[in-house]
Amino acid sequence: MSAWVLPDHIADVLPSEARHIEELRRELLDTARAYGYELVMPPMLEHLESLLTGTGEALDLQTFKLVDQLSGRMLGLRADTTPQVARIDAHLLNRQGVARLCYCGPVLHTRPDRPHATREPLQFGAEIYGHAGLEADLEILQLALDCLRATKVEPLTLDMADARIVRSLLSGTALGSDRLAALHAALAAKDATELATLTRDLPQATREALLALIGLYGDAKVLAEAAKVLPPTPGIRQGLEHLQWLAGHVEGARVSFDLADLRGYAYYSGVRFGIYTPGASDALVRGGRYDEVGAVFGRNRPAVGFSLDVRELVGVAGKRPLKAAIRAPWPDTGAGGAELRAAIAALRHAGEVVVCALPGHDSEVEEFHCDRELARDAAGRWAVRSL
């Protein structure tokens, strides 16, 4: 095998895609900043117990692990940034009021989460800590939609569920982690046969309610149907009310519901959502409420947020035009080139891209559109002219 062959599902990013990714990253961060979100930059690796405490088995299996040569302790390369931001809120900021935080950086996965996916997503996300009301959920939903619109992704479908519904149905049942994971997978896949097998020894009312969940997807009528067929426990009633309220206030997307959808990390505690668009193989954005995420760090604060993979977003976001540039001859390094060097420096200081053709080469840049050139005018001065 060649030494330069990369591992499976790991790839270099070449100029055209890299330019597109960077432009999207800036648009996402600028959109979050317009909402008042502050940027944080957690480290790529941490002590394993800090990185994984309270996150569940799914994230553990996705995390690369290694030994710290300085301390001998186990370290992990982050597979998700949310637990790190929860640690920052709990231990470093320690604010009493609301904290709005955002981030954008690579995460690493031991395995791709679906066919053809990268194991090195560039994860962008935004989170609100400190407010338990639905206002925070609505702001996060609206910010997620505005982020996608800022990157020219439309039309959008917002699909919502609530973790409290299944949690309430299973309350009081003793299910091992493997069986619980299989049950969640059967619900998400709408596999009635498998679900019937997994729930055969559960109470009849619980079993019937779980099987009914498979058919509870679609438009707003789903919520009314769910209120009829599901037991009126406080968790289910509150979950349905919250979904109804959010659906009535969110703007800029078609709203649907899938009450059996439990995909994502195990730390969600309330409303959870995915945002879809034609051309994407799965949800572009996933998020929701995870009020318990900070408890393991000694500060149990309300929290809600979302994340997306910027590299995946490139596949559906609108293409950006090449940045206009100015082509210039290579300035002589001696005194004779001083005037040309000064003209180039002034243009760059003014924000222009100036590409100097190296001796013996034409301009070979593909990621800029040289629509002008720097040349001498009739008076012998260096001036910009259209090509």
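The values are calculated or read from the model by the stated rules, or taken from the named source; none is laboratory data. Here the structure is a predicted model, which means the values were calculated and not measured. We place every Cβ from the backbone using ideal geometry, glycine too, and count neighbours over all the protein chains shown. These area figures cover heavy atoms from the full protein model, side chains too; ligands, DNA and RNA do not enter into them. Shrake-Rupley method; radii C 1.70, N 1.55, O 1.52, S 1.80 Å.
Descriptive notes on the structure:
- Some residue of segment 3-20 being within 30 Å of R179 (Cα to Cα) and among the β-branched types (V, I, T): no
- Selected residue (criterion: most open to solvent (accessible area, probe 1.4 Å)) from residues of segment 185-242 that are outside any helix (DSSP H, G or I) and of a type in the set (S, T, Y): Y217
- Residue match in segment 345-364 (condition: of a type in the set (V, I, T), open to solvent by 30 Å² or more (accessible area, probe 1.4 Å), assigned to a strand (DSSP E or B) and touching a residue at least 24 places away in the same chain (Cβ under 8 Å)): no
Residues are listed down the side, and each one gets a yes or a no for (1) of a type in the set (S, T, Y); (2) open to solvent by 60 Å² or more (accessible area, probe 1.4 Å); (3) assigned to a loop (DSSP other than H, G, I, E, B):
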| residue | (1), (2), (3) |
| --- | --- |
| S50 | yes, no, no |
| L59 | no, no, no |
| H116 | no, yes, yes |
| Q123 | no, no, no |
| E127 | no, no, no |
| A136 | no, no, no |
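- Condition check for L70 on (1) of a type outside the set (S, T, N, Q); (2) loosely packed, with under 14 Cβ neighbours inside 10 Å; (3) within 25 Å of Y129 (Cβ to Cβ); (4) at pLDDT 95 or above: one failure, at (3).
- Among residues of segment 303-339, those that are outside any strand (DSSP E or B), open to solvent by 40 Å² or more (accessible area, probe 1.4 Å) and within 22 Å of S386 (Cβ to Cβ), counted: 4
- Cβ pairs under 8 Å, 6+ apart, first in segment 220-246 and closer than 14 Å to R272 by Cα, second open to solvent by 60 Å² or more (accessible area, probe 1.4 Å): L240/A227
- I275 passes every criterion in (1) hydrophobic (A, V, I, L, M, F, W, C); (2) open to solvent by 10 Å² or more (accessible area, probe 1.4 Å); (3) assigned to a strand (DSSP E or B) apart from (2).
- If you go through segment 248-267 and keep only what is within 17 Å of L169 (Cα to Cα), open to solvent by less than 20 Å² (accessible area, probe 1.4 Å) and not charged (D, E, K, R), you end up with L259, A260.
- Identity of the residue in segment 291-300, out of contact with any helix residue (DSSP H, G or I) (no Cβ under 7 Å at 6 or more places or on another chain) and of a type outside the set (D, E), that ends up surrounded by the most Cβ atoms within 10 Å (Cβ to Cβ): V296
- Count of segment 16-48 residues which are open to solvent by 30 Å² or more (accessible area, probe 1.4 Å) and not in a helix (DSSP H, G or I): 9
- Here A280 meets the list (1) touching a strand residue (DSSP E or B) at 6+ places or on another chain (Cβ under 8 Å); (2) modelled with pLDDT of 90 or more; (3) hydrophobic (A, V, I, L, M, F, W, C); (4) within 19 Å of Y217 (Cβ to Cβ) almost entirely, failing just condition (1).
- Tallying residues that are modelled with pLDDT under 95, in contact with a Phe, Trp or Tyr (Cβ under 9 Å, 6 or more places away or on another chain) and under 21 Å from F306 (Cα atoms) within segment 209-257 yields 0.
- Of everything listed in (1) open to solvent by less than 30 Å² (accessible area, probe 1.4 Å); (2) at pLDDT below 95, the single unmet condition for G97 is (1).
- Taking (1) over 23 Å from P115 (Cα atoms); (2) open to solvent by less than 40 Å² (accessible area, probe 1.4 Å) in turn, A283 satisfies each apart from (1).
- Lone unmet requirement of (1) over 26 Å from G76 (Cα atoms); (2) touching a residue at least 40 places away in the same chain (Cβ under 8 Å) for R179: (2)
- Filtered residues of segment 138-184 (kept if of a type in the set (D, E) and either touching a strand residue (DSSP E or B) at 6+ places or on another chain (Cβ under 9 Å) or surrounded by 19 or more Cβ atoms within 10 Å (Cβ to Cβ) (or both)): E139, D159, D162
- Candidate set: segment 154-174, residues that are touching a helix residue (DSSP H, G or I) at 6+ places or on another chain (Cβ under 7 Å) and part of a loop (DSSP other than H, G, I, E, B); chosen: the one nearest to A205 (Cα to Cα): T173
- Residue check for V13: farther than 21 Å from L143 by Cβ, over 16 Å from the mean Cα position of the chain (by Cα) and surrounded by 16 or more Cβ atoms within 10 Å (Cβ to Cβ): yes
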